[in-house]
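Below is one structure, written out as structure tokens; comments come after it.
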Amino acid sequence: MQKLPADPTSLVLGIIAIVVSITGCCCSPLFILPMALSIIGLVMANKSLKEFHQNPDAYSPASKSNVNIARVLNIVGLVISFLLLAYLIVRLIWFGSILNDSSIWDEIQKNRDNYENYEYDENDWEYEEDQDSIQQQSDTLVIDKIELEETEIPEN
């Protein structure tokens, strides 16, 4: 008795599709990769099961069991991928509705206008405060005593 053609391949594709969709592609458009892997694995598993039903004596029952498991894994991977697609669509619609809100754009334009029309002046309060603090620091500097002692340098 021999293995079905999709026995190892379909199983591996189903496992990879589930792992990739859960771990790496939950928030990005890369959910298409596990979706494609699931579809390919599911088609391969269904083809192999048709071959088994046409000639059940030629293939081992363990191989049929593996292909059934692979079929279930690929369906699970496909469902997870479709859920991720639906989540991405909802998220895009929600962010699109937020960005479409005119009050946000009005606020952005107001802030931009305020920034562009602001004139810097030397008499800004921050500048004056810095000058005052420098002046106060220089006023508090006191030197009590400096003693210089004159010494003679011996000539050779």
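Please indicate, with yes or no, whether at least one residue in region 85-93 is buried (at least 20 other Cβ atoms within 10 Å of the Cβ), assigned to a helix (DSSP H, G or I) and modelled with pLDDT under 85.
For region 85-93, residues buried (at least 20 other Cβ atoms within 10 Å of the Cβ), assigned to a helix (DSSP H, G or I) and modelled with pLDDT under 85: absent.
Buried (at least 17 other Cβ atoms within 10 Å of the Cβ), over 34 Å from the mean Cα position of the chain (by Cα) and not aromatic (Phe, Trp, Tyr): does that describe Asn74?
No: the conditions fail for Asn74.
Among the numbered criteria (1) free of Cβ contacts under 8 Å to residues at least 24 places away in the same chain; (2) under 30 Å from Phe95 (Cβ atoms); (3) among the hydroxyl-bearing types (Ser, Thr, Tyr), which one does Ser38 miss?
Here Ser38 meets the rest and fails (1).
Between a first residue in region 73-96 that is more than 8 Å from Ser38 (Cβ to Cβ) and a second residue that is among the acidic types (Asp, Glu) and part of a helix (DSSP H, G or I), which pairs have beta carbons less than 7 Å apart while being 6 or more apart in sequence or on different chains?
none
Within region 5-25, does at least one residue satisfy the condition of being at pLDDT 85 or above and either under 14 Å from the mean Cα position of the chain (by Cα) or among the hydroxyl-bearing types (Ser, Thr, Tyr) (or both)?
yes
The values are calculated or read from the model by the stated rules, or taken from the named source; none is laboratory data. Everything numeric in this text was worked out from a predicted model, so none of it was measured. Neighbour counts run over all protein chains shown; Cβ positions are idealised from the backbone, glycine included.
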